[in-house]
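For reference, the structure is listed below as structure tokens.
The values are calculated or read from the model by the stated rules, or taken from the named source; none is laboratory data. In this text, all values refer to a predicted model and were calculated from it rather than measured experimentally. Here the Cβ positions follow ideal geometry from the backbone for every residue, glycine too, while neighbour counts run over all protein chains shown.
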Amino acid sequence: MRTGEWLPLASRAKIFISSVAQDDFTPLRHDVFTKLTELGHEPLMFERNFGPWPAHTDPIRKCLEIVEESDIYLLFIKNKAGTYLKASERTVTHLEFLHARKHKKTILVFADNAVMSLYFKEVQKTIGDYVSMFQSDHKRPPRFAEVLDMLRESPSVPSFVDPYIWMFIYDLVQKGIYVESLATGVGIDWGSYFSNLLRRGALLLPEADRMDHNARMVELFADFRGLTSVLLPVIAFKGFRDADKFLALVQGRMKGGTIAARFAEYTSEELGSIKDCSTVTLYGKKDDVMRIVGQTDEAAGKDVIELNDPDSYVVAAHRNSGREPMLFFREEKHMFYFCLPVGDFVATFHFPSDKTWDTQKFWLYNQEIINGIMEKNFTVLELVQLLLGGMDLG
């Protein structure tokens with residue numbers, strides 16, 4: 001989150017809702033518009049209340065004027081870039097963001113969790129390396145369009161995301177903008193979010209210097225995160241000094257929360273909740289069996305699990321050809337088991353459920369629960385993956 005001049009508590013805020021016109025965002029945009037209106041604020045959205053304007057009016061200039069009139073600029077990003085303007089080498093949405101920043105608006109950015117994960121894991125380094133090499137060869141930084149051309153031609157860049165989106169995110173990070181994650185199936189309480197935001201405004205106004213410092217820290221953290229994501233996979237670790245303590249520290253940072261499902265464009269429903277992680281176990285494959293490497297105090301994992309054990313969640317996760325996280329559920333214990341396979345390791349995180357969950361509901365909303373756990377614990381899980389990926393079981 002990037003702030004300009006924070007609003008006094010009693011202000012009726014004008015909030016510009018911006019995103020590319022893609023179907024995935026239609027229900028979200030309308031939901032936010034409705035919630036903000038109910039809060040007594042004035043949301044501004046193209047398809048709802050921009051109103052008519054003379055035929056000779058440039059629509060892009062009109063959008064920028066409305067951005068300038070707003071107090072808060074709210075941006076949603078997924079995989080589509082929108083209309084690209086060759087003359088400015090920017091999209092309309094990007095110009096709106098730049099205009100909001102120029103006029104010191106409060107800027108809130110939400111981006112798809114999967115897109116952000118791919119950016120930090122794969123794309124950030126590609127862009128950074130190209131920019132460094134270009135500057136060395138040409139004694140100047142590359143133009144936006146030149147980096148875009150490189151991204152379009154790069155076989156290592158995920159193709160389901162418009163290349164421009166990677167450059168947009170790169171620009172946000174370079175400018176110290178904090179990007180909130182937005183995961184499919186995970187509801188956001190927009191009423192509480194904006195109420196808290198605006199309530200903090202009166203308190204934050206005297207703290208502009210500290211907030212500018214925090215924005216710089218966000219940029220440094222993004223650089224650190226990008227660096228670790230490329231360095232750790234090429235480092236080999238001998239093992240743990242204290243595996244149980246490592247798992248206990250990880251467990252303490254694994255959070256639960258509310259799980260929600262969205263029903264097309266109509267509404268969303270809270271499905272239930274999960275509590276914070278209560279137990280973690282870690283197994284590693286050695287001598288054709290899965291052996292316990294470490295566990296937290298409440299765990300009661302077997303020392304050895306045979307690879308042909310049909311009832312073992314650890315074995316099922318290890319055999320998972322896609323190497324994606326897997327989720328299991330035991331109704332009699334009201335417990336979710338989130339299994340993370342990494343190389344020869346499988347880490348299993350135990351999340352107690354509330355009593356509204358049963359086996360049928362679990363199978364129906366399996367992906368929503370996985371999304372919710374990953375959304376709440378994205379940074380911790382990413383670090384665990386990176387560390388285990390470079391570790392030698394011995």
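Hey, any hits in the stretch 104-126 for a residue that's at negative phi, assigned to a helix (DSSP H, G or I), outside the structural domain of K376 (by TED's automatic domain parsing) and over 23 Å from the mean Cα position of the chain (by Cα)? No.
What are the residues in the stretch 58-85 that are in a loop (DSSP other than H, G, I, E, B) and either in contact (Cβ under 8 Å) with a residue 24 or more places away in the chain or touching an Asp or Glu at 6+ places or on another chain (Cβ under 8 Å) (or both), if any? Hits for the stretch 58-85 are S70, D71, K78, N79, K80, A81, G82.
Close Cβ contacts (under 7 Å, 6 or more residues apart or on different chains) running from residues in the stretch 379-390 that are of a type in the set (F, W, Y) to residues that are modelled with pLDDT of 85 or more are absent. Scanning the stretch 155-182 for residues that are surrounded by 16 or more Cβ atoms within 10 Å (Cβ to Cβ) and either polar (S, T, N, Q) or under 16 Å from S19 (Cβ atoms) (or both) turns up V161, D162, Y164, I165, F168, I169, L172, I177, V179, S181, L182. Of everything listed in (1) loosely packed, with under 15 Cβ neighbours inside 10 Å; (2) at pLDDT below 75; (3) of a type outside the set (F, W, Y), the single unmet condition for K245 is (2). Taken over the stretch 139-156, the residue count meeting the criterion of being over 25 Å from the mean Cα position of the chain (by Cα), among the charged types (D, E, K, R) and part of a helix (DSSP H, G or I) is 3. Only residues that are loosely packed, with under 13 Cβ neighbours inside 10 Å and either within 12 Å of A347 (Cα to Cα) or without any contact (Cβ under 8 Å) to a residue 40 or more places away in the chain (or both) were counted in the stretch 280-297, giving 2.
If I ask for residues that are of a type in the set (F, W, Y), within 20 Å of Y164 (Cβ to Cβ) and at pLDDT below 90, which ones from the stretch 45-92 would you list? F46, Y84 - these are the residues of the stretch 45-92 that are of a type in the set (F, W, Y), within 20 Å of Y164 (Cβ to Cβ) and at pLDDT below 90. Flag set for S136, criterion: polar (S, T, N, Q) and either closer than 23 Å to H99 by Cα or in a helix (DSSP H, G or I) (or both). When residues in the stretch 86-100 are screened for being within 15 Å of D171 (Cβ to Cβ) and in a loop (DSSP other than H, G, I, E, B), 2 of them pass.
Within the stretch 266-277, the set of residues being surrounded by 17 or more Cβ atoms within 10 Å (Cβ to Cβ) and within 22 Å of Q385 (Cα to Cα) comprises C277 only. Looking across the stretch 111-138, the residues that are of a type in the set (F, W, Y) and surrounded by fewer than 19 Cβ atoms within 10 Å (Cβ to Cβ) come down to Y130, F134.
So which of F144, F134 is without any contact (Cβ under 8 Å) to a residue 24 or more places away in the chain and among the aromatic types (F, W, Y)?
After ruling out the rest, the residue left standing is F134.
What do you reckon, is V92 in the same structural domain as P27 (by TED's automatic domain parsing) and either touching a residue at least 60 places away in the same chain (Cβ under 8 Å) or farther than 21 Å from T26 by Cα (or both)? No. Of all the listed residues (V315, V304), the sole one being surrounded by 20 or more Cβ atoms within 10 Å (Cβ to Cβ), assigned by TED's automatic domain parsing to the domain that holds V289 and either in contact with a Cys (Cβ under 8 Å, 6 or more places away or on another chain) or at pLDDT 85 or above (or both) is V315.
If you check A87 against the conditions, is it over 17 Å from the mean Cα position of the chain (by Cα) and either in the same structural domain as V161 (by TED's automatic domain parsing) or polar (S, T, N, Q) (or both)? Judged against the criteria, A87 is a match. Restricting attention to the stretch 83-100, the residues that are surrounded by fewer than 18 Cβ atoms within 10 Å (Cβ to Cβ) and either of a type in the set (K, R) or on the phi > 0 side of the Ramachandran plot (or both) total 2.
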